[in-house]
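The values are calculated or read from the model by the stated rules, or taken from the named source; none is laboratory data. Note that the structure is a prediction, hence the values are computed from the model and not measured. Ideal geometry is used to build each Cβ from the backbone, glycine not excepted, and the neighbour counts take in all protein chains shown. We work out accessible area using only protein heavy atoms, side chains counted, and drop any ligands, DNA or RNA first. Shrake-Rupley method; radii C 1.70, N 1.55, O 1.52, S 1.80 Å.
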Amino acid sequence: MAVAPVTYGASTRPPRGDYSTAREDYTCEQSWAAYGAEEHALYARLFQRQVRQMPGHACDEFVHALGQLGSKSEIPRFEDISDKLRRATRWEIVAVPGLIPERAFFSLLANRRFPVTVWLRRPEEFDYIVEPDVFHDLFGHVPLLFNPVFADYMQAFGGGGLKAEGLHALEYLARLYWYTVEFGLIATPRGLRVYGAGILSSAGETVYALTSHKPQRLPFSLERVLRTPYKIDDYQDSYFVIESFAQLFDATAPDFTPIYERVSTSAPLPLNGRLPTERVYPPNALPAGAAA
Ligand code: PHE
Ligand code: CO
């Protein structure tokens, strides 16, 4: 299917989702020189708005690593970030044309290579975009790859994905990805903080996830999460809270094979349901003077 090229400003970037020049492993060139001035400016606006929101919202590990993303005033060169990542945690980032097949995605993760989409959203998508773009992937995902424990979790996830595919359990593992890597919360002595990339790259959900009384915040439990479907087109009904990245790593280290068997024979849980034994974390208090 032909896709219309992005033709605003001086961008000469190939169309969104152009896989024609991708390699067999679905990686491609970033082609940094093809970004137009408007794209750099839009990236800078997205970045600056989100960076301001991070203190008090994102976990410390994320805030500390944000400086590693390089330039805030233009789309960074992936190679510059990879140089720093390799030194920090032996990860690197690779360019991809957009969403890639599950097996290709998990193979990259298993080899400590994180795929980052090359194209940037359009100005109309400033606040909301359904697919991952370069801003979501870089801003949301890359900072925590500088954390050694989280970096190991992501690699283990890649191996787990390849295994889940053989067991026809990708549906369950996708829920774990969703409720941790994309929408995870972490408890700290100063209150709840966000570590999930889907939240951290969204200005609206960053505040909602921590302070709204609408969603529930439940303690992370592996089997519970594997049984909980999610919605992709609205803020979440339930968030799962970890106490530390070590807890997440340890809870997901056991062999999932028997767990997948149990989960596949039990009914999925409602998205906003709560088990009788589950306690909820209260939302963070709003800063004095803010409206509830
Ligand atoms: N332990 C999981 C398995 O046996 C692999 C995994 C690790 C999956 C970490 C996700 C995250 O399948
Ligand atoms: Co993502």
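Structure notes:
- Expected 222 nm ellipticity per residue - DSSP helices of 4 or more, -39500 (n - 2.57), all of the chain, to 500: -10000 deg cm²/dmol
- Average accessible surface for the chain: 46 Å² per residue, computed with a 1.4 Å probe over protein heavy atoms with every protein chain in place.
- Distance from the alpha carbon centroid of segment 171-227 to that of segment 37-78 works out to 20 angstrom.
- Comparing D137, D80, D255 in a Gaussian network model of the chain, where Cα atoms under 10 Å apart are tied by springs, the biggest mean-square fluctuation is seen for D255.
- Taking a Cβ cut-off of under 12 Å around D234, the surrounding Lys, Arg, Asp and Glu residues balance to a net charge of -1, with basic ones at +1 and acidic ones at -1.
- Per-residue 3J(HN,Hα) values for segment 145-153, derived from phi via the Karplus relation 6.51 cos²θ - 1.76 cosθ + 1.60 with θ = phi - 60°, read 5, 7, 8, x, 6, 5, 4, 5, 4 Hz in sequence order (x marks Gly and Pro).
- Within-10-Å neighbourhood charge of T89 [Cβ basis; K, R +1; D, E -1]: +3
- Placed amide H near R217: partners under 5 Å, 5+ positions off or other chain: Y239, Y281
- Residues in segment 231-246 carry Karplus couplings, in order, of 10, 9, 10, 7, 4, 6, 8, 10, 10, 10, 10, 9, 9, 6, 5, 5 Hz; the curve used is 6.51 cos²θ - 1.76 cosθ + 1.60 with θ = phi - 60°, and Gly or Pro positions show x.
- Global geometry of segment 20-107, whether rounded, prolate or oblate, following the gyration tensor of its Cα atoms and the 1.5 cut on a/c: oblate
- The protection proxy used here, the mean number of other Cβ atoms lying within 10 Å of each residue, ranks peptides 217-225, 125-133 as follows, highest first: 217-225, 125-133.
- Within-11-Å neighbourhood charge of S71 [Cβ basis; K, R +1; D, E -1]: 0
- Cα gyration tensor category, rounded, prolate or oblate, for segment 112-193 with a/c compared to 1.5: oblate
- The fraction of accessible area contributed by carbon and sulfur in the chain is 55 percent, rounded to a whole number (1.4 Å probe; ligands and nucleic acids excluded).
- The magnitude of the dipole of segment 38-81, with charges of +1 and -1 set on the Cβ of Lys/Arg and Asp/Glu and taken from the Cα centre, is near 240 debye.
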